[in-house]
Amino acid sequence: MDYVRLGSTGLKISRLGLGCGNFGGIGSAPEFFGMGENEEQACDLMDRAFDAGINFFDSANAYGGGRSETYIGRWLKAKGSAVRQQLLVSSKVFNPVGPGPNDRGLSRRHILHQVDESLARLQTDRLDLYLIHEPDPDTPLDETLAALDQMIRMGKVLYVGASNIEAWRLARGLWISDTRALARFEWVQNSYSLLDRAPERELFPLCADQGVGFTAFSPLAGGWLTGKYRSTDAYPAGSRMTLRPEPYQHLACDAVFRGLAALSEDARARGSEMSALAIAWVLHHPRVNAAIIGPRTRAHLEAALAATTIALSEADRARIGALFPASRMANG
């Protein structure tokens, strides 16, 4: 496993991060709490990921209604301090965690409370990495950044970042941090894949200019780049297209299916799995520090690990990217 600096920080992260969004649920959606991986399955994935050199686990306070953080915390406690010292624990705040009007968002009150709640579930004294899960239009960005700065000064959080953020809002946040001497967003964690190239338009140039890191979530576009979807009438039971298809329905078109077939042929010619090649394509972008993978099984995890061994030239990457010509603009 290779390790790189996260943006302009001195922190070294593995090229792959273990996404724990399916531990005890499927993301933050309450209707799926209790689904996803059970604790035994989650621990098995964490064992293999850690043994493979993955040094950061990515969770959120709302994943599985708190089950994801709880599973990680129990695993950390069982493994002991030596493992905790090697692992970077990442969590997020924004999504609803209760019925009240202040049980969501990025207010000072909510952030300060949720940091403590996450620390308790994770059974640790610090969050190495902490992200706003989404921007909160109802809370001034100044208030959010001041609260995050306070958490850093208290030693409860070490580095802060932003997920699902637009370039203009990131630029404004960096300006606020610079002018008010507050902690800055050190990295962005947005969707990026062969089927979602929106960050290339404005976000990557801004990150390059400001020394902000980037970790890519959904490098397999919700499973679309694994080869499981061949046509609109053959979605596998339990897949995202049967559980929550809305974010991906725009992909069900002939152009995408042709691209998937060509990507599958390219992977076969290389002797690799389609998913590994898709992740390797993401990792070979110079702005991407790491990709967040969300394996459901050990086999999925092994395929993702293989991505770190695939070498692509600039010409290879351009050719593979051209298999999906509409993806650059469709989400941008």
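The values are calculated or read from the model by the stated rules, or taken from the named source; none is laboratory data. The model shown is predicted, which means the values in this text are computed figures rather than measured ones. Here Cβ is always computed from backbone atoms with ideal geometry, including for glycine, and neighbour counts include all displayed protein chains. Note: accessible area is taken over every heavy atom of the protein model, side chains too, but ligands, DNA and RNA are not part of it. Shrake-Rupley method; radii C 1.70, N 1.55, O 1.52, S 1.80 Å.
General observations
- Across the protein chains, with a 1.4 Å probe defining accessible surface, the residues Tyr63, Tyr229, Tyr235 rank Tyr235, Tyr63, Tyr229 from largest area downward.
- Spin-label pair Thr309-Arg268: with each label point 7 Å from Cα along the Cα-Cβ axis, the two points sit 2.2 nm from one another.
- Low-density loop positions, trypsin sites (Lys or Arg not before Pro), segment 250-332 - DSSP coil, at most 13 other Cβ in 10 Å: none
- Per-residue SASA remark: Arg180, around 120 Å² accessible (1.4 Å probe; ligands, DNA and RNA not included).
- Only beta bridges with both residues in the chain are counted; by DSSP, about 10 percent of them are antiparallel.
- A dipole drawn for the chain from +1 and -1 charges on Cβ atoms has a positive end, and of Val97, Leu225, Ala304 the residue lying farthest that way is Ala304.
- With both residues required to sit in segment 117-202, DSSP beta bridges show an antiparallel share near 10%.
- Entry comment: accessible area of segment 1-155 is 40 Å² per residue, from protein heavy atoms only and a probe of 1.4 Å.
- Considering only Ala304, Ala237, Ala171, the Gaussian network model of the chain with Cα springs below 10 Å gives its largest mean-square fluctuation to Ala237.
- Solvent exposure, largest accessible area first (probe 1.4 Å, DNA, RNA and ligands not counted), of Thr9, Thr70, Thr309: Thr309, Thr70, Thr9
- Expressed as a whole percent, the accessible area of segment 1-42 that falls on carbon and sulfur atoms is 46 (1.4 Å probe).
- Rounded to the nearest whole angstrom, the semi-axes of the ellipsoid equivalent to the chain, taken from the Cα gyration tensor as √(5λ), stand at 30, 23, 20, largest first.
- Segment 184-264: relative contact order in percent, alpha carbon pairs under 8 Å with at least 6 residues between: 26 percent
- For segment 247-292, the residue among Val288, Ala262, Ala278 whose Cα projects farthest onto the positive side of the dipole built from Cβ charges is Val288.
- Sequence-separation-based contact order of the chain, relative, with Cα cut under 8 Å and 6+ spacing, percent: 17 percent
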